[in-house]
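The values are calculated or read from the model by the stated rules, or taken from the named source; none is laboratory data. What you see is a predicted model, and the numbers here were worked out from it, not measured in a lab. Every residue, glycine as well, gets a Cβ built from its backbone with ideal geometry; the counts of neighbours run over all protein chains shown. With ligands, DNA and RNA removed, areas are computed over all heavy atoms of the protein, side chains included. Shrake-Rupley method; radii C 1.70, N 1.55, O 1.52, S 1.80 Å.
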Amino acid sequence: MNHFSIQNIRTILNKHKDNKTPLLAVMEELQSYYGYLPREMLIMVSERLDVPLSQVHSVATFYHGFSLHPQGEHVIQACTGTACHVRGGIHVLDHLKTKLNIQAGETTSDLEYTLETINCLGACAVGPTVVTDGKYEGHMTTSKIDHLLEKIEQES
Ligand code: FES
């Protein structure tokens, strides 16, 4: 993860100075570079682009691709949709919370893992479904979660 640098943020803002509606492009580049959009960054964007902070904040929270908090090295998304729920998805999620010692929406203090919930991952037939760093895992159970986390640890 890149460290917050006012100079670098200014450089990114300047790159888009000729864009008539630069807000989204600037935020996408900042998200991509830093991995998240802290409040100080949103304030800078608001001031430099002369866009109300409330609007910048709305954009940051509306689009799924933006995060206001640092993301972990590994992002685990657990499905909480109905099809996964009836197949035991809640136990999978609870197990992930216990193993990682965080709640959904949080990142571990060592910045290794972020746990997210998604309402449907579009793989209902193989639920409960979990996506780890973009890779789909179906028919999840608590023991499969243990195995998955062990595999990630070994590969790190
Ligand atoms: S409900 Fe879980 S993938 Fe659709």
Residue selected from segment 4-25 under the condition in contact (Cβ under 8 Å) with a residue 24 or more places away in the chain and assigned to a loop (DSSP other than H, G, I, E, B), by the criterion surrounded by the most Cβ atoms within 10 Å (Cβ to Cβ): PRO22
Checking VAL75 against (1) more than 22 Å from HIS3 (Cα to Cα); (2) out of contact with any helix residue (DSSP H, G or I) (no Cβ under 7 Å at 6 or more places or on another chain); (3) not charged (D, E, K, R), the condition it does not meet: (1)
Qualifying residue in segment 112-128 (condition: surrounded by fewer than 17 Cβ atoms within 10 Å (Cβ to Cβ), more than 12 Å from the ligand (Cβ to nearest atom) and not charged (D, E, K, R)): no
Scope segment 77-115; condition of a type in the set (Val, Ile, Thr) and assigned to a loop (DSSP other than H, G, I, E, B); matching residues: THR80, VAL86, ILE102, THR108
All positions within segment 77-106 that are more than 15 Å from LEU148 (Cβ to Cβ), more than 16 Å from the ligand (Cβ to nearest atom) and open to solvent by 30 Å² or more (accessible area, probe 1.4 Å): ASN101, GLN103, GLY105, GLU106
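Scanning for something of a type in the set (A, V, I, L, M), in contact (Cβ under 8 Å) with a residue 60 or more places away in the chain and touching a Gly at 6+ places or on another chain (Cβ under 9 Å), does segment 80-95 turn up at least one residue?
In the first step, residues of segment 80-95 are kept if they are of a type in the set (A, V, I, L, M); the result is 83, 86, 90, 92-93.
Still in the list and also in contact (Cβ under 8 Å) with a residue 60 or more places away in the chain: none.
No, there is no match, as no residue in segment 80-95 is of a type in the set (A, V, I, L, M), in contact (Cβ under 8 Å) with a residue 60 or more places away in the chain and touching a Gly at 6+ places or on another chain (Cβ under 9 Å).
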Test: GLY72 is among the small types (Gly, Ala, Ser), under 27 Å from GLY134 (Cβ atoms) and at pLDDT below 95: yes
Matching residues, segment 26-56, being among the aliphatic types (A, V, I, L, M), open to solvent by 20 Å² or more (accessible area, probe 1.4 Å) and closer than 18 Å to PHE4 by Cα: ILE43, MET44
Unique residue being under 10 Å from the mean Cα position of the chain (by Cα) and either among the basic types (Lys, Arg) or under 28 Å from ALA125 (Cα atoms) (or both) when the list is HIS95, HIS74: HIS74
Test: residue in segment 57-76 that is open to solvent by 30 Å² or more (accessible area, probe 1.4 Å), more than 19 Å from LEU37 (Cβ to Cβ) and either assigned to a loop (DSSP other than H, G, I, E, B) or small (Gly, Ala, Ser) (or both): no
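For the subset of segment 129-156 comprising residues that are in a strand (DSSP E or B) and free of Cβ contacts under 8 Å to residues at least 12 places away in the same chain, which member is least open to solvent (accessible area, probe 1.4 Å)? Please lay out each step first, then the result.
First, the residues of segment 129-156 that are in a strand (DSSP E or B): 130-132, 135-137.
Within this subset, residues satisfying the condition of being free of Cβ contacts under 8 Å to residues at least 12 places away in the same chain are 135, 137.
Details: LYS135: 109, GLU137: 38 Å².
Selected residue: GLU137.
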